[in-house]
1. Each residue of region 183-190 in turn: what ³J(HN,Hα) in whole Hz from Karplus with 6.51, -1.76, 1.60 and θ = phi - 60°, glycine and Pro shown as x?
2. Could you let me know the centre-to-centre spacing of region 311-351 and region 9-69, using Cα atoms, in angstrom?
3. Tell me the angle of helix 245-254 to the major Cα principal axis of the chain, expressed in degrees between 0 and 90 and rounded to the nearest ten.
4. Can you tell me the mean projection area, over all orientations, of the convex hull of region 221-278's alpha carbons? Units nm², please.
5. What do you get when you divide the Cα radius of gyration of region 33-118 by 2.2 N^0.38 Å, with N the number of residues?
6. Relative to the present Cα-Cα distance, how much length would full extension add between Gln26 and Glu358 at 0.36 nm per residue of separation?
7. Angle, helix 268-277 long axis vs. longest principal axis of the chain, Cα atoms, 0 to 90°, nearest 10?
8. Nearest 5 is fine: what % of DSSP beta bridges in the chain come out antiparallel, could you say?
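Read the figures in this text as sums done on the coordinates, not as results from a lab. Given the structure is predicted, the values throughout are model-derived calculations rather than measurements. Cβ placement follows ideal geometry from the backbone for every residue including glycine, while neighbour counts extend to all protein chains displayed.
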Amino acid sequence: MRITKIVETSAPMRSSIANAVIDFSQMTISVVAVFTDALSDGKPVVGFGFNSNGRYAQGGVLRERLIPRILDAEPDTLLDDGGILDPERIHACMMKNEKPGGHGERAFAVGAIDAAVWDAVAKTLEKPLYRLFAERYNEGRFDAKVPVYPGGGYYDAEKGIEGLTDEMQGYRDAGYTLMKMKVGGAPLADDLKRIEAVLGVVGAGSNLAVDANAGLRPETALEYAAAMAPFGLAWFEEPVDPLDFAAHAEICQTYPGPIAVGENLFSLTDARNLLRHGGMRSDRDWLQFDPSLCYGPTEFIRIVKMAQDLGWSPKRHGPHGGQLLGLHLAAGLQLGGTETYPLVFQPFGGFGDDAVIEDGNVRPPEVAGSGLETKAKLYNNFLKPLLDG
Ligand SMILES: [Mg+2]
């Protein structure tokens with residue numbers, strides 16, 4: 001099996017929404033196609049991948065470093081013993097001549113190709129990606145359905161509290177039980193009113209998570225924690241800067257409810273430092289590393305295994321990113337759940353067009369690969385053009 005070509009493009013991911021720290025008006029995303037000479041149904045297998053929302057496209061790193069490294073490598077060095085592309089070897093090839101540390105935007109570029117390679121391998125072996133993850137990393141065990149919640153409740157100047165509660169009611173009507181809203185982008189008193197209004201819709205604090213997007217100073221985060229503790233929320237996400245481990249530890253000492261962090265840490269080493277020094281509690285807190293942003297599913301799986309060695313069950317992971325990749329990892333590694341974005345980051349966010357949300361759960365698609373072809377708008381507007389051009 002050979003990689004014959006790798007194509008990348010930058011796609012817009014614009015949206016009028018905002019969280020506590022950023023708006024999404026200029027957001028872009030890198031989309032990658034890895035062409036191979038393997039055949040499935042008589043056609044060459046092509047794997048697709050992209051980085052995740054909330055960050056930017058990485059065309060320069062892809063074109064100038066990663067793609068040439070893979071295409072210049074001796075092809076046999078990229079294969080496993082069965083002669084199929086080996087994601088771990090390709091991952092190592094991409095990281096050649098990259099210094100340790102500084103896990104920033106190159107991680108998203110590696111992640112996009114890594115996702116595409118995994119898609120190509122699963123298509124070559126003609127099985128859904130979650131089954132491949134289960135076979136290789138989880139002794140064949142998988143979950144047929146996965147708990148899922150919508151990431152939503154963004155700040156939108158035109159929407160107001162009524163629009164927010166309408167949005168949450170819409171999620172309930174669509175089959176979700178747990179949902180998430182933003183905090184920290186308004187004064188605390190206003191956010192408490194927003195939370196109380198949403199609690200009137202979702203029924204119980206355990207059905208609502210809040211996300212401050214790392215936008216609060218530590219002392220303000222502690223005020224939020226104290227004010228929100230009586231609500232018994234599902235979790236308080238990214239209260240402070242993702243690298244301020246001491247602040248995490250302080251919040252964990254005083255806030256009885258779960259906190260959730262990880263989407264803005266992009267490597268195994270950063271993740272391990274969080275677990276070593278962030279004071280987090282393996283009996284309740286959530287880990288939300290983003291498989292597209294942290295050097296791809298290959299490194300994400302290493303993070304899950306590392307966390308397990310430090311006493312964290314795979315059930316404490318709920319990958320950020322709200323896309324099919326997270327769903328396959330959650331099903332194949334039996335994680336605690338995953339996120340989705342019914343209303344934003346389309347057509348990249350969310351699952352297949354025919355995905356059904358039932359009692360807060362969703363099933364991964366039963367097609368070979370990650371199933372991005374089951375999203376018609378994504379395929380027709382962004383993936384098929386890569387095949388043609
Ligand atoms: Mg978040």
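1. 9, x, x, 9, x, 3, 4, 5
2. Value for the Cα centre distance between the two parts: 18 Å.
3. For helix 245-254, the angle is close to 40 degrees.
4. Working: hull surface 14.6 nm².
Averaged projected hull area, Cα only: 3.6 nm².
5. 1.12
6. On the way: separation 332, 0.36 × 332 = 119.52 nm, distance 3.39 nm.
Extra length from Gln26 to Glu358 when fully extended: 116.1 nm.
7. The angle comes out near 30 degrees.
8. Numbers: 22 of 40 bridges.
Of those bridges, close to 55 percent are antiparallel.
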